[in-house]
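Below: the structure, in structure tokens.
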Amino acid sequence: MSNVVEHETVSDTIRLPRPRVSPRARALADRLIHGADALIVMASGLTDAEWQTRLPGDGRTVGVVVHHVASVYPVEVQLAKTVAQGTAVSGLVPADIDTMNAAHALEHDKATKEETLALLRRNSAEAAVVIGGLSDEQLDRAVTVSLYANAPLTCQFVLEDHAVRHSYHHLARIRAALGR
């Protein structure tokens, strides 16, 4: 099945192929935006005390966790793009993620709500654009991923387990911690 369905006219004599938008990729991008929007709405209404509330079993503040979600979209999308390109992911293990998250928490402990929400809006929108531009072939491509004990995983799985679900996962944890 071809990804080219129509042409875009650039001049009177040049017509370039216009790629077809994958409905699956568009749906993934929409789900990512829906989750980010829900996190933005909830976080926008937090008091300063709620923003500084520490999450049970985690220790990070609500504000740091929201900033974490916002800041890792580019990393998560890059991971998915690596898989989409057919390149195996090696050398990345869960301990690396834990180390990255701990360093982020220390570095961004004082992040303001305004800067965090701006970052969340920008990075989620940019992630959605990249995701929405993937083809079905790229979404279906599978390679070994060291983060998952070298299991062969598809780009779509990597997106769903990271960038797409991330805001939903942390939103649920924040709501539980705040009794919402």
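The values are calculated or read from the model by the stated rules, or taken from the named source; none is laboratory data. Not measured: the values here are computed from a predicted model. Note that we place each Cβ from the backbone using ideal geometry, even for glycine, and neighbour counts take in every protein chain shown.
Below is a table of values for the structure above.
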| item | result |
| --- | --- |
| Index of the failed condition, residue 34 passing every other in (1) part of a loop (DSSP other than H, G, I, E, B); (2) at pLDDT 95 or above | (1) |
| Hits in region 134-180 - residues which are hydroxyl-bearing (Ser, Thr, Tyr) and in a helix (DSSP H, G or I) | 146, 148, 167, 168 |
| Residues of region 77-107 that turn out to be more than 12 Å from residue 153 (Cα to Cα) and not charged (D, E, K, R), as a count | 18 |
| Counted residues, region 123-170 - those being without any contact (Cβ under 8 Å) to a residue 24 or more places away in the chain and within 29 Å of residue 61 (Cα to Cα) | 4 |
| Residue among 75, 129, 89 that is in contact with a helix residue (DSSP H, G or I) (Cβ under 6 Å, 6 or more places away or on another chain), at pLDDT 95 or above and surrounded by fewer than 20 Cβ atoms within 10 Å (Cβ to Cβ) | 89 |
| Output for region 43-64, where each listed residue is of a type in the set (A, V, I, L, M, F, W, C) and closer than 20 Å to residue 125 by Cβ | 43 |
| Answer from 172, 105 - the residue that is crowded, with 16+ Cβ neighbours inside 10 Å and closer than 17 Å to residue 53 by Cα | 105 |
| All positions within region 92-118 that are in contact with a His (Cβ under 7 Å, 6 or more places away or on another chain) and of a type in the set (A, V, I, L, M) | 111 |
| Single residue of region 109-122 satisfying the filter (basic (Lys, Arg) and in contact (Cβ under 8 Å) with a residue 60 or more places away in the chain) that is surrounded by the fewest Cβ atoms within 10 Å (Cβ to Cβ) | 121 |
| Single condition residue 110 does not satisfy, out of (1) in a helix (DSSP H, G or I); (2) at pLDDT below 95; (3) basic (Lys, Arg) | (1) |
| Boolean, residue 177 is free of Cβ contacts under 8 Å to residues at least 40 places away in the same chain and over 20 Å from residue 74 (Cβ atoms) | no |
